[in-house]
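In what follows, a single structure is set out as C-alpha cells and then discussed.
The values are calculated or read from the model by the stated rules, or taken from the named source; none is laboratory data. This is a predicted model, so every value here is computed, not measured. Cβ placement follows ideal geometry from the backbone for every residue including glycine, while neighbour counts extend to all protein chains displayed. SASA here: full protein model, heavy atoms, side chains in, ligands and nucleic acids out. Shrake-Rupley method; radii C 1.70, N 1.55, O 1.52, S 1.80 Å.
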Amino acid sequence: MTPSEDALSAILKRENWVVAAALFVLTLLAWAYVVWLAAGMSAPAAAPMGDMPGMPGMESISPSIAPWTASHFLFLFAMWAVMMVGMMTPSAAPMILIYSQVARQAGTLGRPFAPAGWFALGYLSCWLLFALAASGAQYGLEHASLLTPMMAVASRYFGGAVLIVAGAYQWTPLKESCLAQCRAPLSFVQRHGGFQSGIAGSLRLGALHGLYCIGCCWALMAILFVAGIMSLVWIAMLMIFVLAEKVVPGGRILTRLAGLAAIGAGVWVLVK
C-alpha cells in the first residue's frame with residue numbers, strides 16, 4: 001500500500017468513527033429521554049403529569065380516562081418517535097456506516113455522494129411515520145378499553161391475541177423477505193439502484209430501507225402494547241433482539257424461536 005493509500009485509509013477510518021460516534025450519541029440521547037420519561041411516569045408522587053416539564057396534555061396518571069387533546073396526542077407521538085429512534089438506530093448503524101464509507105471513497109475519486117445523514121434521515125422518517133401510526137393505535141385501544149391510561153393492557157384476550165399474531169408473523173414469507181433485505185445491506189443497495197449521489201436518491205434509498213425494516217419489525221413493536229409501552233426492560237430486549245436478527249449468523253433461527261415463544265406466551269395468557 002502506497003503512502004497516499006495509507007493516508008486515505010486512515011481518513012476513512014477516522015470518518016467512520018465520527019459517524020459511529022454520532023449514531024451512538026443519537027441513540028444515547030433518545031434513551032436518556034425514554035428513561036427520564038419512564039421514571040416520571042412511575043414516580044409514586046407524580047400526580048399531575050401536566051405539571052411535569054415536557055409532558056403537556058397528560059393531565060393525570062390516575063386510572064381514570066382523561067379526554068384526549070391535541071397536546072396529549074403530540075406528547076404520545078413524541079414519546080413513540082424518540083423511542084423508535086432509540087430502538088432502531090443501532091440496527092441501522094451497519095447500513096449507515098457502509099453508506100458513509102462508500103460516499104467518502106466516491107468523494108476522493110471526484111464523484112461525491114450526498115452525505116450519509118440524508119440516508120439516515122430517510123430511514124428514520126419512516127419510523128417517525130410508524131410512531132404516528134402507533135400513537136393513533138394507542139388512542140384507539142385506550143378508547144376501546146383495551147389499553148389503560150397507564151399504557152398497560154386491559155384485556156387478557158387482547159394481550160394474548162397480540163402475542164399470537166406477533167409470533168405467527170415471525171414465520172411468514174413477508175417477515176422472511178423483509179429480514180433478508182435488512183441482513184444484506186450491499187445486496188439491498190444493488191437491488192434498489194445502487195448508492196445514490198443526490199440528496200433525493202439518498203433519502204429514497206434510506207426510506208426504502210426503513211420500510212423494509214418496518215415490515216420486519218412492526219409485529220415485535222406491537223408486543224409493547226402487551227408488555228408495557230414504557231417498560232424499559234422490554235424496550236431494551238426488543239432493541240437487542242432486532243439488532244441480533246439482522247447481524248448475528250443464524251438470525252432466522254432466532255426469528256422463528258422468538259415466534260414460537262410469543263405464540264406460547266399468547267396461549268398461556270389466554271388460558272391462565
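Annotations
- Hey, Ala131 under 22 Å from Val82 (Cβ atoms) and at pLDDT 95 or above or not: yes
- Qualifying residue in segment 262-269 (condition: under 30 Å from Tyr33 (Cα atoms), open to solvent by less than 30 Å² (accessible area, probe 1.4 Å) and either out of contact with any helix residue (DSSP H, G or I) (no Cβ under 7 Å at 6 or more places or on another chain) or at pLDDT 95 or above (or both)): yes
- Selection of segment 86-127 for residues being crowded, with 19+ Cβ neighbours inside 10 Å and at pLDDT below 85 yields Tyr99, Ser100, Ala103, Arg104, Phe113, Ala114, Ala116.
- Filtered residue count, segment 198-257, keeping only those that are out of contact with any Pro (no Cβ under 9 Å at 6 or more places or on another chain) and of a type in the set (S, T, N, Q): 2
- Here Leu132 fits the description: surrounded by fewer than 17 Cβ atoms within 10 Å (Cβ to Cβ), touching a helix residue (DSSP H, G or I) at 6+ places or on another chain (Cβ under 9 Å) and within 19 Å of Gly206 (Cβ to Cβ).
- Residue identified as touching a Leu at 6+ places or on another chain (Cβ under 6 Å) and either surrounded by 16 or more Cβ atoms within 10 Å (Cβ to Cβ) or not in a loop (DSSP other than H, G, I, E, B) (or both) among Leu238, Leu186, Leu211, Leu205: Leu238
- Residues (open to solvent by less than 30 Å² (accessible area, probe 1.4 Å) and acidic (Asp, Glu)) located in segment 135-177: Glu142
- Count of residues meeting criterion [open to solvent by 70 Å² or more (accessible area, probe 1.4 Å) and of a type in the set (A, V, I, L, M, F, W, C)] in segment 189-202: 2
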